[in-house]
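One structure below.
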Amino acid sequence: MRREAPQKLGDYGPLFFPAMMLIVFFVVPFATMIAVSFFQRQQGGFYVPAFVFSNYERFLSLFFANVLGFSLMLAITVAICCVLLAVPFTYLLTRMARKVQIVWLVALLSVLSLSEVIIGFAWSTLFSRTAGITNLLVMMGVMSEAKALLPSFGAVLTGMVYQAFPYTVLVLYPALVRLDPTLTEAARTLGASPIRAFFTVVVPALRNTITATLIMVFIFALGSYLLPQLLGRPQHWTLSVLITDQAIYQSNMPFAAAMAVFLVLVTLGLVALTVMAGRKGEAA
Amino acid sequence: MTGALSKVYFFLIGVFLALPMIVVAGVSVNEKQTLAFPPKGFSLSWYGEIFLNPEWRNALFASLTLAILSAAVAVAIALPLAWFLWRRIAPWANIFQLLGIAPFTLPPVITALGLLTFWATTGFYGQPWTAVVSHAIFFVTLPLVTLSLGFTAIDRSLVEAAATMGADDRTIFRTVVLPLILPYIVSGYAFAFVLSLNEYIVAYMTVGFTMETLPIKIFNALRYGYTPTMASVTILFVATAAVIFSLVARFGDLPKLLGAMSSDDT
């Protein structure tokens, strides 16, 4: 049966339920959030319909600029670390036997599906004084005394790289698995070492994929909201943490909504960049 | 990057991925309520605690119910949509595909906040069923992606043969399409189920004050100090995820689901 345009109204039937659900429970809530971002906040956590820009004006402060700057810097660092680790890893993984690949994929999916709460708890245990990695170092005689490694920037960064690494591998996997193996074979036949072939043939061939992956991991890292709280100090809080904090603990929904709208705009801008990078890749 | 070097690299990545879980597993078998590694004594009582302590047991049941129902709703949204996009030429309907992928692509706090303002405005805030709908929308991306992939894998000549023999859409769907698409339905359901089980922010923002799911319970417990039950719950979660994804890999084609070519043509 060929695909055909819908003939009569009844043909649209199957679309009804999904369309209704997505419009009512995604488009409408999204619109509600945008509307609330213009509402006027009142004492006691309530807000009334209005059309004010005061929630957006609060962005123009040094504090907010710092949080935004830190969020972007952290997300970029996480994205770079993950891509540096994941590109060689995924490349080697796709060259392995299918059975070995499946074991690794199951492990990566299991880590990826872990709650941020659990990742945060696991790393805070690992970095703690009483049960942490320093105890192992003491046992091996490398360190003289166990100590806590958190809260610190390093702990936040490690936790976030841990969370985003499986995601990075799974984003890279389809492109790398389809990479023509004759490319590297040709380089090898011409006398390049495997490492040289990787950097001179594989990496350039994947330039657009790597750019797109960097942006996707960046967006993923931008969404991290618990790890900075669990592993870092208040100065390590990101925009996502601030939004949660304003919405739940400060009961300032309009300001939280305004920050969320801003975060959407940043994200959408980056998605547009990803799509453009992808287009260029197809043309090349 | 020959043999030895790549083995070392894979070993180091493996250690990085496994280390937190090893420490947590060690902590979870401590005999007393202490955060110690290597563990002092050995006891599995903290695993029993998940089922015996009413607070943890309720959280476990809340999480399981939420995951079972929301994954079902997510599949119910994704299946007709993916089928329609495969069966019909209707370019404007692709907007719904985009809407289905958006909640998962945007930072989760945005979807969570949107749903929070929505439920608060409509007056349903805090009702348990709102969490089911919220999770279904948040995770609809997963069955939608696996099902779209599954439909493109169907050989259209099979469907055409059925149509020539006089079968209508309904019969074709039941007798030809459904059996072919079933593995993708199951894996889409499995992905949505595992992620819903682990999800924190959307659940917290929609029903956080009236209901405790396991991730919410762990986070609340973390703020009041430490109990080894958190560690045993963590290990339970990792094990559940690993078992479910292994089953998906056993009965489906995992590399293909994740975007590789099918095993036949490699």
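Here the relative contact order of chain B, from alpha carbon pairs under 8 Å that lie six or more residues apart, stands at 28 percent. For the peptide B:221-234, the mean number of other protein chain Cβ atoms found within 10 angstrom of a residue's Cβ is 3. Shielding value for A:29-39 is 6, the average number of Cβ atoms from other chains within 10 Å of each residue's Cβ.
Within 10 Å of the Cβ of each residue in A:127-135, the mean number of Cβ atoms contributed by other protein chains is 4. In terms of the mean number of neighbouring beta-carbon atoms within 10 Å, the peptides B:65-78, B:168-181, A:136-149, A:72-85 order highest first as B:65-78, A:72-85, B:168-181, A:136-149.
Dividing the mean sequence gap of close Cα pairs (under 8 Å, 6+ apart) by how many residues the stretch B:16-80 holds gives a relative contact order of 17 percent. When chain A is treated as a GNM with alpha-carbon contacts under 10 Å, the residue of A:Val27, A:Val271, A:Val117 showing the greatest mean-square fluctuation is A:Val27.
Here is how the number arises for chain B: DSSP H runs of 4 or more residues each give -39500 (n - 2.57), the sum is divided by the residue count, and the result at 222 nm is -24000 deg cm²/dmol. Mean sequence separation of contacting Cα pairs (under 8 Å, at least six apart), scaled by the length of chain A, corresponds to a relative contact order of 27 percent. Let me know the shape class of the stretch B:54-225, please: from the alpha-carbon gyration tensor, a ≥ b ≥ c as square roots of the eigenvalues, rounded when a/c is under 1.5, otherwise prolate if a/b is greater than b/c, or oblate. Since a/c reaches 1.5 and a/b is larger than b/c, the shape of the stretch B:54-225 is classed as prolate. Placing +1 on the Cβ of every Lys and Arg and -1 on the Cβ of every Asp and Glu, with no other charges, gives chain B a dipole of roughly 280 debye about its Cα centre. When a/c is below 1.5 the answer is rounded, else prolate if a/b is larger than b/c, else oblate, so apply that to the stretch A:63-148 with a ≥ b ≥ c taken from the square roots of the Cα gyration tensor eigenvalues. Since a/c reaches 1.5 but b/c is at least a/b, the shape of the stretch A:63-148 is classed as oblate.
Using the Cα gyration tensor of the protein assembly as shown, with a ≥ b ≥ c the square roots of its eigenvalues, what is the shape: rounded (a/c below 1.5), prolate (a/b larger than b/c) or oblate (neither)? Note, shape of the protein assembly as shown comes out rounded.
Computed over chain B with a Gaussian network model linking Cα atoms closer than 10 Å, the most mobile of B:Ser148, B:Ser43, B:Ser63 is B:Ser43. For chain A, adding -39500 (n - 2.57) for each run of n ≥ 4 DSSP H residues and dividing by the number of residues yields -21000 deg cm²/dmol at 222 nm. How much of the pair distance distribution for chain A lies past 26 Å, counting alpha-carbon pairs only, in percent? Every Cα pair in chain A considered, those over 26 Å come to 60 percent. Can you list residues from other chains, or at least 5 along the same chain, whose modelled amide H is less than 5 Å from the amide H of A:Tyr47? Residues meeting the amide H criterion: A:Gln42. Our coupling estimate for the stretch B:77-92, obtained by passing each phi through the Karplus curve with A = 6.51, B = -1.76, C = 1.60 and θ = phi - 60°, is 7, 6, 4, x, 5, 5, 5, 4, 5, 7, 7, 10, 9, 8, x, 5 Hz, Gly and Pro reported as x. For a paramagnetic label modelled on A:Phe16 (point 7 Å from Cα along Cα→Cβ), amide N atoms under 17 Å away belong, within the stretch B:168-187, to B:170. Given springs between every Cα pair under 10 Å in a Gaussian network model of chain B, which of B:Thr141, B:Thr227, B:Thr105 has the largest fluctuation? Looking only at B:Thr141, B:Thr227, B:Thr105, the largest GNM fluctuation is found for B:Thr105.
Only the coordinates and a few stated rules stand behind these numbers; no lab work does. Remember, it's a predicted structure, so these values are computed and weren't measured experimentally. Reconstructed Cβ throughout: ideal geometry from the backbone, glycine too, with neighbour counts over all protein chains shown.
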